[in-house]
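The structure appears below as structure tokens.
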Amino acid sequence: MTEYKIIGSTKKLYLSVIFDLYDNSIVAYRMGISNNNDLVFKTFDDAIKSHPECENILFHSDRGFQYTNRTFKKKLDNAKFRQSMSRV
């Protein structure tokens, strides 16, 4: 998740990106005006839809609230992904 400040405004724009560390390609991305679970979940769902053949993937992220909740863990389990997170 990356936060962008909109010039001339107090509003912010958030970019959620999933990319493949093997070849640095972007697998899925979404932009939104709120840093919330829904933005991350929809990005993950887009990645699964565009790459349904992928299993046994290592999904690495930081320890943001979007990636540490039970709903996201269930999405990873359903996709047969393993979770990896940065150290505290």
Checklist outcome for this item: For residue 74, counting only aspartates and glutamates whose alpha-carbon sits under 14 Å away and dropping same-chain residues fewer than eight positions off, the answer is 45
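Using only C-alpha atoms and all pairs of different ones, pull out the Kirkwood radius for the chain in Å with one decimal. Intermediate values should be presented prior to the final figure.
Details: mean 1/r = 0.0725 Å⁻¹.
Kirkwood radius, the chain: 13.8 Å.
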Next on the checklist: Under 8 Å for C-alpha pairs, at least 6 residues apart: give me the relative contact order for the chain, rounded to a whole percent.
Outcome noted: 20
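Net charge within 13 Å of residue 68 by Cβ-Cβ distance, Lys/Arg positive one each and Asp/Glu negative one each, not counting residue 68 itself? Present the calculation step by step, with values, prior to reporting the outcome.
Values: positive: 63, 70, 73, 74, 75; negative: 62.
Around residue 68, the charge tally is +4.
Express the carbon and sulfur contribution to the solvent-accessible surface of the chain as a percent, rounded to the nearest whole number, probe 1.4 angstrom. Please report the intermediate quantities before stating the final value.
Values: 3420 of 6550 Å².
Solvent-exposed carbon and sulfur of the chain make up 52 percent of the total.
Below 13 angstrom from the Cβ of residue 34, what's the summed charge of the other residues (Lys, Arg +1; Asp, Glu -1)? Spell out each step's value before the answer.
Values: positive: 11, 12, 30, 42; negative: 3, 38.
With Lys, Arg at +1 and Asp, Glu at -1, the neighbours total +2.
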Checklist outcome for this item: The ³J(HN,Hα) series, computed from each phi in the range 11-28 with the Karplus coefficients 6.51, -1.76 and 1.60 at θ = phi - 60°, rounded to the nearest Hz and given as x for glycine or proline, is 7, 10, 10, 10, 10, 10, 10, 10, 10, 8, 6, 5, 10, 6, 7, 7, 8, 7
Checklist outcome for this item: If one compares the long axis through the Cα atoms of helix 37-50 with the longest principal axis of the Cα atoms of the chain, the angle in degrees, nearest 10, works out at 50
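Counting only heavy atoms of protein chains, what accessible area per residue, in Å², does the chain have with a probe of 1.4 Å? Mind dumping the intermediate values first?
On the way: 6550 Å² over 88 residues.
So the chain comes to 74 Å² accessible per residue, rounded to a whole number.
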Checklist outcome for this item: Amide H proximity to residue 27 below 5 Å, modelled H, separation 5+ or other chain, gives 18, 19, 20
Next on the checklist: List the residues, sorted by chain then number, that are 5 or more residues from residue 83 or on another chain and whose placed amide H is less than 5 Å from its amide H.
Outcome noted: 59
Checklist outcome for this item: Across 10 Å bins beginning at 0, the whole-percent shares of Cα-Cα pair distances in the range 40-88 come to 25, 61, 13, 0
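Under the rule of -39500 (n - 2.57) per DSSP H run of 4 or more residues, summed and divided by the residues of the chain, what mean residue ellipticity at 222 nm is obtained, to the nearest 500 deg cm²/dmol? Kindly include the intermediate steps, with their values, before the conclusion.
Numbers: 3 runs with 27 residues, N = 88.
Mean residue ellipticity, 222 nm, calculated: -8500 deg cm²/dmol.
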Next on the checklist: Please give me the summed charge of the neighbours of residue 44: other residues whose Cβ is under 15 Å from its Cβ, Lys and Arg +1, Asp and Glu -1.
Outcome noted: +2
Next on the checklist: With the crude spin-label approximation of a point 7 Å out along Cα→Cβ, what separation in nm comes out for residue 84 versus residue 5?
Outcome noted: 3.4
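The values are calculated or read from the model by the stated rules, or taken from the named source; none is laboratory data. Not measured: the values here are computed from a predicted model. FYI the Cβ positions are ideal-geometry reconstructions off the backbone, even for glycines, and counts take in every protein chain you see. With ligands, DNA and RNA removed, areas are computed over all heavy atoms of the protein, side chains included. Shrake-Rupley method; radii C 1.70, N 1.55, O 1.52, S 1.80 Å.
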